[in-house]
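Worksheet: the structure to be examined is printed underneath.
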Ligand SMILES: [Zn+2]
């Protein structure tokens, strides 16, 4: 199932979640369906441009950067 960016509707590869009490926002690789209310799917572009509110900390827990466009292997 393809998740779509909550901002622009593009296919999402990242998920943003937060802990309100700890004023913590983090980004992770999208590994499965996003649980409504627990996280938000983001495309690469919006995840990269995410800025935390004043007083919050942003943790980038995503894996190593991948190329924006993967090369296609033609069999
Ligand atoms: Zn987006």
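The values are calculated or read from the model by the stated rules, or taken from the named source; none is laboratory data. Being a predicted model, the structure only gives us computed values, none of them experimental. Every residue, glycine as well, gets a Cβ built from its backbone with ideal geometry; the counts of neighbours run over all protein chains shown.
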Between a residue in region 7-23 that is in contact (Cβ under 8 Å) with a residue 12 or more places away in the chain and more than 19 Å from residue 64 (Cα to Cα) and any residue that is near the ligand (Cβ under 10 Å from one of its atoms) and not in a loop (DSSP other than H, G, I, E, B), which pairs come within a Cβ distance under 6 Å, given they are 6 or more apart or on different chains? 7/46
Is it the case, given these coordinates, that residue 67 is surrounded by 10 or more Cβ atoms within 10 Å (Cβ to Cβ), away from the ligand (no atom under 16 Å from the Cβ), at pLDDT below 90 and not in a strand (DSSP E or B)? no
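Quick grid of which residues meet (1) in a loop (DSSP other than H, G, I, E, B); (2) at pLDDT below 95; (3) more than 16 Å from the ligand (Cβ to nearest atom); (4) exposed (fewer than 10 other Cβ atoms within 10 Å of the Cβ):
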| position | (1), (2), (3), (4) |
| --- | --- |
| 1 | yes, yes, yes, yes |
| 8 | yes, no, no, no |
| 32 | yes, yes, yes, yes |
| 35 | yes, yes, yes, yes |
| 53 | yes, yes, yes, yes |
| 58 | no, no, yes, no |
| 63 | yes, yes, yes, yes |
| 71 | yes, yes, yes, yes |
| 75 | yes, yes, yes, yes |
Return the pairs, sorted by first residue and then second, in which the second residue is part of a loop (DSSP other than H, G, I, E, B), the first residue lies in region 51-64 and is farther than 16 Å from residue 17 by Cβ, the beta carbons are less than 8 Å apart, and the residues are 6+ apart or on different chains. 55/23
Any idea how many residues of region 37-51 are in a loop (DSSP other than H, G, I, E, B), within 14 Å of the ligand (Cβ to nearest atom) and surrounded by 14 or more Cβ atoms within 10 Å (Cβ to Cβ)? 2
